[in-house]
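Data first, discussion second: the structure below is written as structure tokens.
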Amino acid sequence: MDILHLDKPPSETTVVVAMSGGVDSSATAALLVDAGYRVIGVTMQLYDHGEAVARPGTCCAGQDIHDARRVADTIGIPHYVLDLEDPFRRDVIDDFADTYLRGETPIPCVRCNQTVKFRDLLGRADALGADLLVTGHYVRWQMGGDGPMLLRGVDHARDQSYFLFATTKEQLARVRFPLGGMTKDETRAIARRFNLPVAAKKDSQDICFVPDGSYADVVEKLRPGLSAPGEIVDGEGHVLGTHAGLIHYTVGQRRGLGISGPDPLFVLRLDPLANRVIVGPIDALAKRRVFLRDVNWLGEGTVPPEYGRTVSVKVRSMQEPVGAVVRSDAGGDVYVDLDESYRGVAPGQACVFYDGDRLLGGGWIARAEG
């Protein structure tokens, strides 16, 4: 069976592979060359090359661009480096800082997929005359009765569907993900089989533009003032202590508050206008209704039905899906009622919908109620 689910013969099909310099995208490119496709490798340069060279453990950095070029040479495909620094700075880095400025917790990897990868990179693939854009994400593409759909990766520990919830139906027709039915060990075996120079390369861990995981340093540089100290208060406004800057806190956090008392306290919400961290007991974290904004719906129709659609949802990338009902009201606003209360629903994170393994879309969490 054709690994890209096309009727067109591989020898007549041009594909652009987004090559980050890691083992996943490199193995993807090698597989497609071996299957007879006309493959073009493309690597995005997303921030200053000079700063990126010495930064290990990230993606799309200087060394990664070099690694992608070495892989392209090994498998004999053309390779291009695209300067996408400006849109990446505007749509991902600035959004990252502004999300913290609103007292929310961002997910820059979703924004990157939503903008520079599946908007700008698809545009460049068109300019190169490609039929498809292919990436090394662990998610499965399948044609359904109502068009293309995405399913969770077979290896749920590697599944990346949560980070692709904002991919539109139009984009789904133009992108493919050959690794979704594989485990990481199988991917590395492919890289070894084709003698790729990155076969043993470690996975990227950090957010690519955050050196050493220091979010505070990046945000303070972009939006001075978020590291200013302020008050930690309880739900009634009683001052319990002092915080070291809102950037250091997120909903559900317990450690690092520096507050002693008979019962443990957790971050309930952040108030950027008053520069306050509001804390309370663990039970106050429990939420049943989650209100969303900027929802992308991949199910039947254009929005979730008003009468509700039974789904499972993830409100954190690492959690297993939990039962819920997603609805839209008469005005088109979307909210989710969870079957059971969930602790740690954080504004700025994503609520992603599933029907079994099928990805039905998702939205950004605006607020939650008990």
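The values are calculated or read from the model by the stated rules, or taken from the named source; none is laboratory data. The shown structure was predicted, so the numbers you read here are calculated from the model rather than taken from an experiment. Positions of Cβ are backbone-derived with ideal geometry, glycine not excepted, and every protein chain shown enters the neighbour counts. Accessible surface areas use protein heavy atoms only, side chains included; no ligands, DNA or RNA. Shrake-Rupley method; radii C 1.70, N 1.55, O 1.52, S 1.80 Å.
Simple spin-label estimate for ASP34 and LEU273 gives 5.9 nm between the two label positions (7 Å along the Cα-to-Cβ direction from each Cα). Between rounded, prolate and oblate, where does segment 1-151 land on the alpha carbon gyration tensor, with a ≥ b ≥ c its root eigenvalues, rounded for a/c under 1.5, else prolate if a/b exceeds b/c? Because a/c hits 1.5 or more and a/b fails to exceed b/c, segment 1-151 counts as oblate. When DSSP beta bridges are restricted to pairs lying wholly in segment 88-202, around 75% turn out antiparallel. Taking the alpha carbon gyration tensor of the chain, multiplying each eigenvalue by 5 and rooting it gives semi-axes of 38, 26, 17 Å, largest first. The order of the peptides 267-278, 159-170, 218-229 by mean Cβ neighbours within 10 Å, most packed first, is 159-170, 267-278, 218-229. Packing-based ranking of 173-180, 353-360, 117-124 yields 173-180, 353-360, 117-124, ordered from highest to lowest mean Cβ neighbour count within 10 Å. Extending 7 Å from the Cα toward the beta-carbon at both THR310 and SER227 defines two label points whose distance is 5.1 nm. Distance distribution note for segment 154-269: the fraction of Cα pairs above 24 angstrom is 57%.
Between GLU300 and ARG255, the simple spin-label model (points 7 angstrom out along Cα→Cβ) gives 4.7 nm. Taking a Cβ cut-off of under 13 Å around GLU369, the surrounding Lys, Arg, Asp and Glu residues balance to a net charge of +4, with basic ones at +1 and acidic ones at -1.
Projecting the Cα positions of GLY147, GLY180, ALA166 onto the charge dipole of segment 132-204 (unit charges on Cβ atoms of Lys, Arg, Asp and Glu, taken about the Cα centre) puts GLY180 furthest along the positive direction. Taking 0.36 nm per residue of separation and subtracting the current Cα-Cα distance, fully stretching the chain between ASP263 and ASP203 would add 17.7 nm. Straightening the chain between ASP217 and GLU236 buys 3.7 nm, computed as 0.36 nm per residue apart minus the Cα-Cα spacing.
Semi-axes of the equivalent ellipsoid of segment 97-164 are 25, 19, 11 Å, computed as sqrt(5λ) over the eigenvalues of the C-alpha gyration tensor in descending order.
Antiparallel beta bridges, as assigned by DSSP with both residues in segment 173-283, represent about 75 percent of the total such bridges. Under the convention that each Lys and Arg Cβ holds +1 and each Asp and Glu Cβ holds -1, the size of the dipole of segment 170-273 around its Cα centre is about 880 debye. Dipole orientation for the chain: of the candidates GLY252, CYS208, VAL311, CYS208 has the Cα lying most toward the positive pole (charges on Cβ; Lys, Arg +1; Asp, Glu -1).
DSSP assigns beta bridges within the chain; of those with both partners inside it, close to 75 percent run antiparallel. As a length-normalised measure over Cα pairs under 8 Å and 6 or more apart, the relative contact order of segment 193-347 settles at 17 percent. Using Cβ point charges alone (K and R +1, D and E -1), the dipole size of the chain about the Cα centre works out to roughly 480 debye.
Heavy-atom accessible area per residue, the chain, 1.4 Å probe: how many Å²?
45 Å²
Considering all projection directions equally, how large on average is the shadow of the alpha-carbon convex hull of segment 213-326, in square nanometres? Before the final figure, lay out the partial values.
Values: hull surface 39.6 nm².
Here the figure is 9.9 nm², rounded to one decimal.
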